[in-house]
Amino acid sequence: MSMAQQAEPAVNTPPAPGPHQTDGRTARRPLALRLLARPEVGVFLGAVAVMVFFLFAAPPVRDGSSMANILYQSSVIGIMALPVALLMIGGEFDLSAGVAVVASALTAAMLSYQLTLNVWMGVIVALAVSLGVGAFNGWMLVRTGLPSFLVTLGTFLILQGVNLAVTKLVTGNVATDSIGDMDGFDQAKAIFASSFEVAGVQVKITVVWWLVFAALATWVLLRTKYGNWVFAVGGNKDSARAVGVPVTFTKISLFMLVGFGAWFVGMHNLFSFNTVQSGEGVGQELIYIAAAVIGGCLLTGGAGSAIGPVFGAFMFGMVQQGIVYAGWNPDWFKAFLGVMLLGAVLINLWVQRTATRR
């Protein structure tokens, strides 16, 4: 071989990719799988399944007035489930939410009646009290670093005792006096507890408020900086603080949102029945939390939506009223509630694993 001849380097030309070859790291999953990975889709399908079941099992459900009553029951749960869901996305939960509803109604009723004030004065003071309770929960949480379970369990016990003791002390009874004939009652009832007619069916105003609050919460979560803060503090508060997220403000404001929801539902209860039983509300916090969990909110925080709890609350309302319309023992409601909650937890676990799987 001549010295002038140089060996040409071998060139390895990779084969041309076929028309269906893709990089495994960027391959997209099927649309159906991606949709099912959204927790809202799962709870929506569950709500549809529950509704179809009771449409056949309980024929009265097919009546328009029955469906309006189901929507009403769902809205009362759903209005509170929305701020509870936002709080859970932020990594916390509130065990005092149920008794906080009653505390708000008691404050407005007793203040207005005992001092002979326009009921709107009681409504405004009740709002301040509810926001104050929420701010206290949030402040204690960030100040002490205690788990929200312990902080809000303490608040739950305090409010439960105060509701009963103060009501007996002021009224001499376990219920407040009726405020139905007081100044401002009719105007307040029109906002919190009125009804309107749709196709000959009476629909409660709370259904409208429920949908308005759900749309507003969805916009806040998906379109605002505050929504990004909520997801960030729920995912990892230390990392969120490191990138400039105001963790303290976000946590406290989320608890105050729960206080606002408690105030609104409390005012609805007050102006619906004119009086309030001081021992009510115990156990309702579990209903609100369960509706949020069924709606796709993780107990660990950092994930969830505002739409999911809407369907979760609808499932609760459908089951609660569907059992009655079917003529079954109402005690079965708690059994259905447990089954739905366990099913939702298992579905959320599957969603979480699916989302992290390549």
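The values are calculated or read from the model by the stated rules, or taken from the named source; none is laboratory data. Given the structure is predicted, the values throughout are model-derived calculations rather than measurements. We place every Cβ from the backbone using ideal geometry, glycine too, and count neighbours over all the protein chains shown. Side chains are part of the model used for accessible areas, which takes the heavy atoms of the whole protein and leaves out ligands, DNA and RNA. Shrake-Rupley method; radii C 1.70, N 1.55, O 1.52, S 1.80 Å.
Using a cutoff of 8 angstrom between alpha carbon atoms and counting only pairs six or more residues apart, the relative contact order for segment 201-308 works out to 32 percent.
Placing a pseudo-label 7 Å from each Cα along the Cα-to-Cβ vector at Ala49 and Val345 gives an inter-label distance of 1.8 nm. Note on Lys168: aspartates and glutamates with a C-alpha under 18 Å away, same-chain residues under 8 apart excluded, are Asp177, Glu280.
Rounded to the nearest 10 degrees, the angle from helix 39-57 to the longest Cα principal axis of the chain is 50 degrees.
Taking 28 Å as the straight-line reach from the Cα of Lys334, the lysines in range (excluding those fewer than 8 positions away in the same chain) are Lys204. Near Asn118: Cβ cut-off under 12 Å, other residues only, Lys/Arg at +1 and Asp/Glu at -1. The net charge is -2. Enclosing the Cα atoms of the chain in their convex hull gives a volume equal to 208 cubic angstrom per residue.
For the chain, the longest principal axis of the C-alpha atoms and the axis of helix 225-235 are separated by about 80°.
Only protein heavy atoms count here; on that basis, with a 1.4 Å probe, Asp186 has an accessible area of about 110 Å². Bridging of Lys237 to lysines at a Cα separation below 24 Å is possible for Lys225, Lys251, once same-chain residues fewer than 8 apart are set aside.
Measuring nothing but protein heavy atoms, the accessible surface of segment 40-357 at 1.4 Å probe radius is 68 percent carbon and sulfur. All other residues whose Cβ lies under 15 angstrom from that of Gly91 are scored, Lys and Arg at +1 and Asp and Glu at -1, for a net of 0. Amide H contacts for Val201 (H built 1.01 Å from N in the peptide plane; partners 5 or more residues away or on another chain; cut-off under 5 Å): none found.
Between Thr224 and Asp183, the modelled label-to-label distance comes to 3.5 nm, taking each label 7 Å out from Cα in the direction of the beta carbon. Electrostatic tally near Ile323: other residues with Cβ closer than 12 Å to its Cβ, Lys and Arg +1, Asp and Glu -1, net 0. Checking the a/c ratio against 1.5 first, then a/b against b/c, what shape does the Cα gyration tensor give for segment 150-189? Since a/c reaches 1.5 but b/c is at least a/b, the shape of segment 150-189 is classed as oblate.
Annotation for Ser195 and Ala128: the two label points, set 7 Å from Cα along the Cα-Cβ direction, are 3.5 nm apart. Taking 0.36 nm per residue of separation and subtracting the Cα-Cα distance, full extension of the segment from Ser239 to Thr144 would add 32.3 nm. Of interest is the spacing of the C-alpha centroids, which for segment 232-269 and segment 308-337 amounts to 29 Å. Relative to the longest principal axis of the Cα atoms of the chain, helix 284-294 runs at roughly 20 degrees. Here, segment 183-235 yields an orientationally averaged convex hull projection of 5.9 nm² when only Cα atoms define the hull. Accessible area per residue for the chain is 51 Å², calculated with a 1.4 Å probe on protein heavy atoms, without ligands, DNA or RNA.
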